[in-house]
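Asker: To start, I am sharing the structure in question, which I have written as structure tokens.
No lab work stands behind these numbers, since they all come straight from the coordinates. If you're wondering where the values come from, they're calculated on a predicted model, not measured in any experiment. A quick note on method: Cβ atoms are made from the backbone with ideal geometry, for glycine too, and the neighbour counts reach across all protein chains shown.
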Amino acid sequence: MNAKDSPRIKHAIEVATKAHEGQLRKTGEPYIVHPLAVKKILEEWGMDEDTIIAGILHDTVEDTDLTLDDIKNDFGETVAFLVDGVTKLSVARNGMRDIDTYLPATKDNFLRLMIALGDDIRVLIIKLADRLHNLRTLSALPPDKQKKVAKETLEVFAPLADRLNMGRLRVELADLSFKYVDPKRYNELKELIEKSNKSAEKSLNKIKEEVSIALKKEKIDFEISGRVKSVYSLHKKLAKHNQNINEIYDLTALRIIVNDITDCYLTLGIIHSLYTPMNGRIKDYIAMPKQNGYQSLHTTVITKDKHIVEFQIRTKEMHEYAERGLAASFYYNEQKLTENYKKGKIEHLPTNLLWITELQTTAARLREGKKVDLKKLKLNLFADKIFVYTPKGDIIDLPYGALPLDFAYRLHSEIGDHVVGVKINGKMSNLNKKLEQGDVVEILTSKNQTPKSSWLDKIFTPHARAKLLRALKLPGHHDDAEPKKRRKPRKV
């Protein structure tokens, strides 16, 4: 127990210790070691007190005589809700077969519970912390179970960590899992990375010194460090390049952290004044963030000694978010996010977290006993995202395959309900046109337009579908009614 722990956290540790008394892990350690490890991970991620307490108690309802009512009486409704969510997810996972041979019903059941986590994303964060510690101690399980847990992590939990932009977690989950899924390949690539780092160490130190001198001359405050590519990332990248290691330019990289965005671009200019930038290898993820909200400048250069090196340039805030993702967002916006979850309002989440609205919308439909296209939802959650723009330059993220009505309903239901046309990149288009990365989308509306049931075939996202269905059921709505009087469409 940490002297800095709050009275509530100390009490939770006491309750969990008593509840798990006499239980042992497969490692032979007292079981309480695991909840305390989860607690430490959640603290490192900067999570709030309720989440940390729920992490300490997350296995008590499933594995001990402690009940949800006991937890609710002792620690409050929020902690009990979080523990209940983790318990349900664990029960579903324990009933699943190997990742390659899921029964369809089992997969759907698991995904349904993942959807339900949208009610409070902290349930998922606790589960990720739980999974991380279990992977760190996976050697205690029999080989067949090691591979099953590792494959499930690669298929489900590592991609979720990436979707939440929890970069550090994604890397550790993927590498720990890959070590058990394909140990021979893991060791080969690990050795390759170590050799590459050793041979590049001298040249990287020289480059770091040259860049440091130039940045100090321009009076830019900075931190510079090396960044080593993870084993699983290299495995995936080699697969894309026909196993040609010579086409992998970011095996080792230098990361520069500065104070603000202006310094990011100044630093980029200084690096390009020192070395020759490679054509097509400059990526501005600050102006156009990745689908999970990741921001940074990337550039690959050729030095005077003909060494190829990648630089990543970002602010401290960008780096913190790249490392901790949603956990960092929750830490900085804890009160607002918590209030939104309790009220069922998620419109004010950061743009890169708006995909959570799809979880919540679908969860609401499931609770109402309505049908849900789980296959399409899974594609929306895990497929690549595109970024499109409003005419004013606002960035909207949508899943690949989204259509203009998805864009309109993402802006606002009032806009979606009154669509009469769309312009894509300044040209009139139709509502069946799939949007592409970087499109500028202008929605044309009319107050006299009403939603049409035929629009259901022109929608891709569950979020937009739910809003359209709600509008079609409003009292007084006449489906496919013609506008009473045609007016000049207004632009949005």
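Asker: By average Cβ neighbour count within 10 Å, what is the ranking of 274-280, 65-71 from highest down?
Answerer: 65-71, 274-280
Asker: Find the relative contact order for region 184-323 and round it to a whole percent, using C-alpha pairs within less than 8 Å whose residues are 6+ positions apart.
Answerer: Value for region 184-323: 23 percent.
Asker: Let me ask another. Determine which residues of region 38-65 fall in the zone a paramagnetic label at residue 3 would reach in this model, i.e. backbone nitrogen under 12 Å from the point 7 Å along Cα→Cβ.
Answerer: What the label zone holds, given the 12 Å backbone N cut-off, is no residue at all.
Asker: Follow-up question, since we're still on this one. If I take R0 = 25 Å and measure r between the Cβ atoms of residue 415 and residue 283 in this structure, what FRET efficiency does the formula 1/(1 + (r/R0)^6) give, to the nearest 0.05?
Answerer: E(calc), rounded to 0.05, equals 0.20.
Asker: Under a point spin-label approximation (7 Å from Cα along Cα-to-Cβ), what is the residue 218-residue 21 distance to one decimal in nm?
Answerer: The two pseudo-label positions are separated by 6.4 nm.
Asker: Right, something else. Would you report the distance distribution of C-alpha pairs in region 184-323 as whole percents per 5 angstrom bin, up to the bin with the largest distance?
Answerer: In whole percents, the pair-distance histogram is 2, 9, 19, 22, 21, 16, 9, 3, 1, 0.
Asker: Shifting gears a bit: Cβ neighbours within 10 Å, averaged per peptide: list 15-25, 303-313 in order, most packed at the top.
Answerer: Highest to lowest by the protection proxy: 303-313, 15-25.
Asker: Most exposed first by the Cβ proxy, i.e. fewest other Cβ within 10 Å, how do 148, 216, 39, 72 rank? Numbers along the way, then the final one.
Answerer: Working: 148 19, 216 11, 39 27, 72 16.
Ordered by Cβ neighbours within 10 Å, fewest first: 216, 72, 148, 39.
Asker: Let me ask something additional. Compute the relative contact order of region 206-280 as a whole-number percentage, counting only Cα pairs closer than 8 Å that sit 6 or more residues apart in sequence.
Answerer: With pairs under 8 Å counted, the relative contact order is 38 percent.
Asker: Order by neighbour count: 175, 130, 74, 457, fewest other Cβ atoms within 10 Å first, most last. If you can, show how the numbers build up before the last one.
Answerer: Values: 175 19, 130 23, 74 16, 457 10.
Exposure proxy ranking, most exposed first: 457, 74, 175, 130.
Asker: What is the spin-label model distance, in nm, from residue 190 to residue 245 if the labels are put 7 Å beyond Cα along the C-beta direction?
Answerer: About 1.7 nm separates the two model spin labels.
Asker: How far apart, in nm, are the 7 Å Cα→Cβ label points at residue 210 and residue 237?
Answerer: 2.1
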